[in-house]
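First the structure, in the form of structure tokens, and then the observations on it.
Just so it is clear, none of the values below were taken in a lab; they were calculated from the coordinates. Quick caveat: nothing in here was measured; it's all calculated off a predicted structure. Reconstructed Cβ throughout: ideal geometry from the backbone, glycine too, with neighbour counts over all protein chains shown.
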Amino acid sequence: MSPQTKKQRKKSRSRKLQTFWLTRWPLEAFLWAGAQFIFSFGWRWAYFWARRIAWVMWVFMARQRAIALRNIELCLPELDETRRRQVARESFKHTVYAFFDMLLIERVFRGERWKRHVTVDESVQRYYAWAREGRAPLTTAGHFGSWEVGVFVNHAHGMEQAALYRPPDLPIFDRWLRRMRAFCGVVPIEKEGGLRQLVKRARDNQPLLAILDQYGGDSGFAAPFFGVNTRWQADVFKVFLRSGLKLCVSECVRRGDTFHVDYRVLLMREFPPEADVGEVIGAYARALEDMIRRHPEQYFWLHKRFKTRKEGEPDRYAHPGRSLTPDQRQAMIA
């Protein structure tokens, strides 16, 4: 890259930053006013607007729509095209619901009112007993259903947790997320450089939370998801395996279009220090696949889970508007 090109890129970044700061305050004021309008009249009113927002997203976000359809086609080839489109469209709606739930939790769950909205499976009580035996667990979920509800229920049962997260780009979203996490008794740890803090809290026997089902980057651990070769975020697993890992996978399934969630634990398993990280990821992947197969519309299909950048690897998102032939799909999952 020439010095001139570097200078041009630096200037372009500077312009983008200036534009962001000029537009940030009006945008945040608009979002704040919109949140007061949407969330001040209960979850039914909020979900009414969530469905309208999801419709707009489905119509105008053609790129994300195509990504969702391709992901579903790769993972669930047994579904016909009509069903794939239905699942993808519902996924847009549940994505908005999940975001709205984060803002509803603080307003709706005060005191004992959360019990009206959450059904806690008996497996969760077994998890609490298991979590208090020996070292604290690492609890994972997926971008599925209303995963934040389980975090609050754990807090309501006396578990003070720390969670790994990536701060949203817009500061007002970051403030909302931090406030919700504080209400749920969670200490947020930023992913960038957060592994050291996570290890320290694990040594203090504090239960930890992380969602690790997205693309793990070119250096991520290679392992299949729904039989499709991809890369996983494995650094957290590798670090904790050094002294043994207690892994829990949980799910929070939303009941239709209501703010009622069924919370249960799918996996509780201990891995010794000599275990292979592939064994951990395999167990995690199977639990995720189980919950997604039962409720595929509640998974976040909108991200590029199967990105490939290395030479010779197939581009899974080439021509996303076209359905794959069996031969094309076989070439893509390899």
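Using a Debye calculation, one point per C-alpha and no hydration shell, please list log10 I(q)/I(0) for segment 210-334 at q = 0.12, 0.16, 0.21 Å⁻¹ in order.
-0.55, -0.91, -1.28
What number, in percent, do you get for the relative contact order of segment 194-334 if the mean sequence gap of Cα pairs under 8 Å and at least 6 apart is divided by its residue count?
About 22 percent, as a whole number.
Can you list the DSSP H helices in the chain whose Cα atoms extend at least 30 Å along the helix axis and whose mean Kyte-Doolittle hydropathy is -1.0 or higher?
3-39, 81-108
I need the calculated FRET efficiency for the pair ARG116 and ARG166, taking r as the beta carbon distance and R₀ as 41 Å, to the nearest 0.05.
Calculated value: 0.80.
Among THR140, TYR165, PHE60, which residue has its Cα furthest toward the positive end of the charge dipole of the chain, with +1 on Lys/Arg Cβ and -1 on Asp/Glu Cβ?
Of THR140, TYR165, PHE60, it is PHE60.
If each residue of separation counts as 0.36 nm, what is the full-extension length gain between ALA331 and PHE30 once their alpha-carbon separation is subtracted?
Fully extending the segment from ALA331 to PHE30 adds 103.7 nm.
Measuring from label point to label point, each 7 Å out along Cα→Cβ, what is the GLU279 to ARG294 span in nm?
2.6
So between GLU133 and HIS319, what do we pick up on full extension, going 0.36 nm a residue minus the alpha carbon distance?
Here the segment from GLU133 to HIS319 would lengthen by 61.9 nm.
Lys and Arg at +1, Asp and Glu at -1: add these up for the other residues within a Cβ distance under 13 Å of PHE225 and post the number.
+4
Rounded to the nearest angstrom and ordered from largest down, what semi-axes does the equivalent ellipsoid of the chain get from its C-alpha gyration tensor (root of 5λ)?
29, 27, 24
Considering amide H positions built from the backbone, and no H for Pro or chain starts, which residues 5 or more places from LEU212, or on another chain, come under 5 Å of its amide H?
ALA141
For segment 112-298, report the translational diffusion coefficient in µm²/s to the nearest whole number, using Stokes-Einstein at 4 °C, 1.567 mPa s, and a Kirkwood Rh over Cα pairs.
Numbers: Rh = 17.0 Å.
For these conditions, the coefficient is 76 µm²/s.
How much mean residue ellipticity at 222 nm does the chain get from its helices, if each DSSP H run of length 4 or more adds -39500 (n - 2.57) and you divide by all residues, to the nearest 500 deg cm²/dmol?
-17000 deg cm²/dmol
What nm value, rounded to one decimal, do you get for the distance between LEU79 and SER243 when each label is placed 7 Å out toward the C-beta?
Label-label distance for LEU79 and SER243, simple model: 4.2 nm.
Quick one: 3J(HN,Hα) in Hz for segment 265-276, Karplus 6.51/-1.76/1.60 with θ = phi - 60°, rounded, Gly and Pro as x.
Once θ is set to phi - 60°, the couplings for segment 265-276 become 10, 9, 8, 10, 8, 9, 10, x, x, 7, 5, 8 Hz.
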